[in-house]
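Below is one structure, written out as structure tokens, with a few remarks after it.
The values are calculated or read from the model by the stated rules, or taken from the named source; none is laboratory data. Small disclaimer: the values here were computed from a predicted structure and weren't measured. Cβ sites come from the backbone with ideal geometry, for glycine too, and all protein chains shown count toward neighbours. SASA here: full protein model, heavy atoms, side chains in, ligands and nucleic acids out. Shrake-Rupley method; radii C 1.70, N 1.55, O 1.52, S 1.80 Å.
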Amino acid sequence: MAALIDVILPVFLVIGFGYIAVWKGYFSDSGVDGLMKFTQGFAIPCLLFRAISTLDLEQNFDLALLGSFYAGALAGFAAGLFGARYIFGRDWEDSVAIGFCGLFSNSLLLGLPITERAYGVSALEGNYAIIAIHSPFCYMVGITAMEIARNRGGSVAALPVKVLKAMFNNALIVGISLGFVVNIGSIPLPGVFTDAVDLIGRAALPAALFGLGGVLYRYRPEGDMRTILFVVAISLVLHPVIVWGLARANDLSDAALRSAIMTAAMAPGVNTYVFANMYGKARRVAASSVLVGTGLSIFTVWVWLYILP
């Protein structure tokens with residue numbers, strides 16, 4: 001019970017404040033859009049840029065950690081893709097968008113603050129190692145699958161260009177890429193610059209959580225509940241269970257295990273709706289899966305915090 005109160009509820013209360021503020025008209029839809037544009041386009045890229053630029057890549061890029069997490073993520077994508085197609089009879093493009101919901105967990109807005117509150121700032125290095133390739137990996141998988149679905153029988157020559165163009169239109173990927181450039185190149189940055197970037201980055205998580213509450217109010221469930229619950233089960237149960245099994249088989253340290261599970265056990269991220277909206281496919285399923293999954297994760301994350309060492 002202490003974990004629920006001390007670790008999980010403060011994060012979800014911030015989301016709840018955003019939800020209530022929009023519901024009661026204290027915060028407008030345009031305000032939510034502006035806040036999410038700031039966090040997704042500026043503050044979070046700054047946070048990731050600084051985290052990746054200072055991360056000890058040799059120590060934290062553990063192939064066993066990344067392999068355990070991303071094998072689980074790919075299993076979630078496959079389950080969502082083929083379940084949507086063969087259980088719910090969706091077309092292939094809808095199925096890819098639904099599969100993306102099982103692939104892209106909310107590693108940033110939920111995974112980071114919950115891990116930090118549960119285990120401290122020092123526990124975030126494994127999270128950042130996962131997040132460093134999370135958006136690039138997930139968008140590469142999702143965009144490639146969607147372009148194949150949209151161009152069945154067509155030429156594949158233009159596919160790599162389409163995938164790269166779509167990926168690098170994402171500010172998160174740009175921030176991560178610049179962080180790697182600075183880190184690998186050992187590029188010195190002026191203190192006044194890093195202080196300014198840190199100021200913006202510190203606003204990222206609380207502002208994004210509040211904005212997420214407003215987004216969740218906007219996209220309330222309206223049908224497709226069986227498909228939504230299927231997606232939520234993949235995100236909250238299948239993905240972390242697979243990661244748990246692989247992490248144990250790979251003999252991950254306690255710190256790496258916590259990072260992997262706390263990232264895998266999160267609800268679908270807002271980027272699942274961004275992806276669905278980009279292609280105009282399965283938008284209701286994606287948006288409602290974020291809402292329902294976020295609400296239910298209050299309880300499932302509590303279970304994982306109890307199980308983890």
Query raised in the report: According to the square roots a ≥ b ≥ c of the eigenvalues of the Cα gyration tensor, what is the shape class of region 90-150, taking rounded for a/c under 1.5, prolate for a/b larger than b/c otherwise, and oblate for the remainder?
Result: prolate
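Calculate what fraction, in whole %, of the accessible area of region 159-309 sits on carbon and sulfur atoms when a 1.4 Å probe is rolled over the protein chains.
Numbers: 4480 of 6720 Å².
Ligands and nucleic acids excluded, carbon and sulfur give 67 percent.
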Query - Ordering of 76-86, 16-26, 287-297, 168-178 by burial proxy (mean other Cβ atoms within 10 Å per residue, highest first) - result: 287-297, 76-86, 168-178, 16-26
Query raised in the report: If you project the alpha carbons of the chain onto the principal axes, what extent comes out on each, in Å, largest first?
Result: 53, 48, 45
Requested in this report: Rounded to the nearest Å, what's the spacing between the alpha carbon centres of region 116-154 and region 173-221? Just the number, please.
Outcome: 16 Å
Query raised in the report: Using the heavy atoms of the protein chains alone and a 1.4 angstrom probe, what is the accessible area of region 1-130 per residue in square angstrom?
Result: 41 Å²
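Using only DSSP helix segments of four residues or longer, with each worth -39500 (n - 2.57), what per-residue ellipticity at 222 nm results for the chain after dividing by its residue count and rounding to 500? Don't skip to the end; give the middle numbers.
Numbers: 18 runs with 225 residues, N = 309.
That calculation yields -23000 deg cm²/dmol at 222 nm.
Please give the peptides 205-213, 240-248, 269-277 ranked by average Cβ packing (other Cβ atoms within 10 Å per residue), highest first, as a rough proxy for protection.
Numbers: 205-213: 22.4, 240-248: 20.0, 269-277: 24.8.
Ranked by mean Cβ neighbours within 10 Å, highest first: 269-277, 205-213, 240-248.
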Report task. In whole Hz, with x marking every Gly and Pro, tabulate ³J(HN,Hα) for region 294-309 from phi via Karplus 6.51 cos²θ - 1.76 cosθ + 1.60, θ = phi - 60°. Result -> 5, x, 6, 5, 3, 8, 5, 5, 4, 4, 5, 5, 6, 6, 5, x
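What is the gain in length, in nm to one decimal, between I307 and T54 on full extension, counting 0.36 nm per residue of separation less the C-alpha to C-alpha distance? Kindly include the intermediate steps, with their values, before the conclusion.
Details: separation 253, 0.36 × 253 = 91.08 nm, distance 3.11 nm.
Length gained, I307 through T54: 88.0 nm.
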Query raised in the report: Can you tell which of C46, M225, P188 lies farthest toward the positive end of the dipole of the chain, using +1 and -1 charges on the Cβ of basic and acidic side chains (Lys, Arg; Asp, Glu)?
Result: M225
Report summary line: A correct Karplus calculation of ³J(HN,Hα) over region 11-18, with 6.51 cos²θ - 1.76 cosθ + 1.60, θ = phi - 60°, whole Hz and x for Gly and Pro, returns 5, 6, 5, 4, 4, x, 4, x
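Could you please state how large a percent of the accessible area of region 1-153 is carbon and sulfur, counting protein chains only and using a 1.4 Å probe? Could you put the intermediate results ahead of the total?
On the way: 3880 of 6240 Å².
Carbon-and-sulfur percentage of accessible area, whole number: 62.
Using a probe radius of 1.4 Å on heavy atoms only, what accessible surface per residue do you get for region 203-254? Whole Å² is fine.
Working: 2290 Å² over 52 residues.
So region 203-254 comes to 44 Å² accessible per residue, rounded to a whole number.
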Requested in this report: Note down the relative contact order for region 173-304 as a percent, whole number, built from C-alpha pairs under 8 angstrom at least six residues apart.
Outcome: 29 percent
Query raised in the report: So what J values fall out for region 61-77 if you push phi through Karplus, 6.51 cos²θ - 1.76 cosθ + 1.60 with θ = phi - 60°, rounded to Hz, Gly and Pro as x?
Result: 8, 7, 4, 5, 4, 5, x, 4, 5, 6, 5, x, 5, 5, 5, x, 5
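Any chance you could run the full-extension gain for V192 through R150? It's 0.36 nm times the residue separation minus the Cα-Cα distance, nm to one decimal. Don't jump to the answer; show the numbers that get you there.
Numbers: separation 42, 0.36 × 42 = 15.12 nm, distance 4.71 nm.
Residue separation times 0.36 nm, minus the Cα-Cα distance, leaves 10.4 nm.
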Query raised in the report: Does region 165-208 come out rounded, prolate or oblate, given a ≥ b ≥ c as the square roots of the eigenvalues of its C-alpha gyration tensor, rounded meaning a/c under 1.5 and, failing that, prolate meaning a/b above b/c?
Result: oblate
